[in-house]
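Below is one structure, written out as structure tokens; the observations come after it.
The values are calculated or read from the model by the stated rules, or taken from the named source; none is laboratory data. Computed from a predicted model, the values in this text were never measured in an experiment. Here Cβ is always computed from backbone atoms with ideal geometry, including for glycine, and neighbour counts include all displayed protein chains. The area values use the complete protein model at the heavy-atom level, side chains included, leaving out ligands, DNA and RNA. Shrake-Rupley method; radii C 1.70, N 1.55, O 1.52, S 1.80 Å.
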Amino acid sequence: MKSFRGEICVILSTLGFGSMGVLAKGIYESGYGVLATLTFRFYFAGLALLVYLVLARESFRISKKQGLLLAAIGGFFYSAFSICYFAGLRFTDASIVAFVFALYPVIVTLLNFFFFHETMSGKKILCLVLSVLALYILTRSPGANVNLIGLAISLVGGILYAVYTMLLDHKDLQSLSPVVTTFYIILSTGLVLTLICLARGERLLPISPSQGLSLLSLGLVSTAMAILTYNTGVRILGSTKASLIANFEALVSTILAMVFLGEYLTWIQWIGALLMILVIFLISSLDGKKPLEE
């Protein structure tokens with residue numbers, strides 16, 4: 001039952017993350033910048049979690065070591081990943097960015113295998129092979145609308161997110177609730193992005209009512225809810241299994257992009273999408289995890 005709860009949390013996070021591309025594309029088309037969009041995304045998300053923590057009377061107290069670790073996770077890895085993801089949307093379709101980004105579970109699994117001696121079962125190997133094959137079909141099939149710059153930026157973002165996912169497993173964070181962990185990650189990410197915006201002189205205000213509504217949705221649904229449920233899922237399932245289930249995000253992004261942005265996949269690309277679905281079913285019985293050590 002606990003494992004099932006973790007799987008539901010990760011699936012919920014994919015629904016939030018999957019809507020990010022559609023919301024961001026709409027904001028970009030209205031003339032708002034990448035860094036400004038990201039900054040307000042974390043402002044709204046941080047405010048929502050702050051209200052929750054105050055109302056729930058949950059302690060904000062963390063140790064110095066935990067604070068430094070969370071600052072590194074949010075201030076560097078999540079900030080850099082977010083910039084790559086949103087910048088990738090500038091160059092290529094939201095569905096393609098999502099599927100390329102979905103390669104990060106492969107990186108998580110390989111890093112855990114080489115550096116932390118996590119068992120590489122036959123089912124994990126099969127999932128990895130199918131994931132790579134699906135991504136190859138999606139990005140290299142005839143008729144695919146793929147920009148190489150957007151592809152490269154998205155791949156870098158996937159690597160950064162893989163490291164972020166693994167750091168969430170760190171033993172020093174196990175004593176913190178997922179809400180507190182998420183709050184400090186969002187806080188440090190927002191502060192770093194604000195400093196970058198100020199240094200670049202990027203406009204933060206004013207925003208129109210429609211932009212404000214989109215940014216609010218981006219902060220609450222695609223950030224606060226998505227990161228919180230994902231962090232909870234990683235805590236229960238471990239970084240490898242959680243990251244593999246998160247492949248579902250690419251399908252959510254594709255469906256939303258087709259409905260709201262007029263994007264489409266070729267019939268060959270849909271074969272890749274179906275392979276992704278198969279991976280999701282295969283991983284349901286994968287073993288759990290051990291916390292990441294220092």
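Projected label points at Lys171 and Phe76, each 7 Å from Cα along the beta carbon direction, are separated by 2.1 nanometres.
Does the stretch 1-141 come out rounded, prolate or oblate, given a ≥ b ≥ c as the square roots of the eigenvalues of its C-alpha gyration tensor, rounded meaning a/c under 1.5 and, failing that, prolate meaning a/b above b/c? Cα axes put the stretch 1-141 in the oblate bin.
Using a probe radius of 1.4 angstrom, the carbon and sulfur fraction of the accessible surface of the stretch 109-195 is 75%. Label positions at Val51 and Trp270, each projected 7 Å from the Cα along the C-beta direction, are separated by 4.1 nm.
Each Cα pair under 8 Å and six or more residues apart adds its separation to the average, and for the chain the resulting relative contact order is 41 percent.
Between Phe113 and Glu58, the FRET efficiency from the beta-carbon distance, with R0 = 30 Å, is close to 0.25. Here the gap between Met258 and Arg90, fully extended at 0.36 nm per residue and compared with their Cα-Cα distance, gives a gain of 58.8 nm. Averaged over its residues, the chain has an accessible area of 44 Å² per residue, based on protein heavy atoms and a 1.4 Å probe. What shape does the chain take by its C-alpha gyration tensor, where a ≥ b ≥ c are the square roots of the eigenvalues and a/c under 1.5 counts as rounded, a/b above b/c as prolate, and the rest as oblate? Verdict is oblate for the chain.
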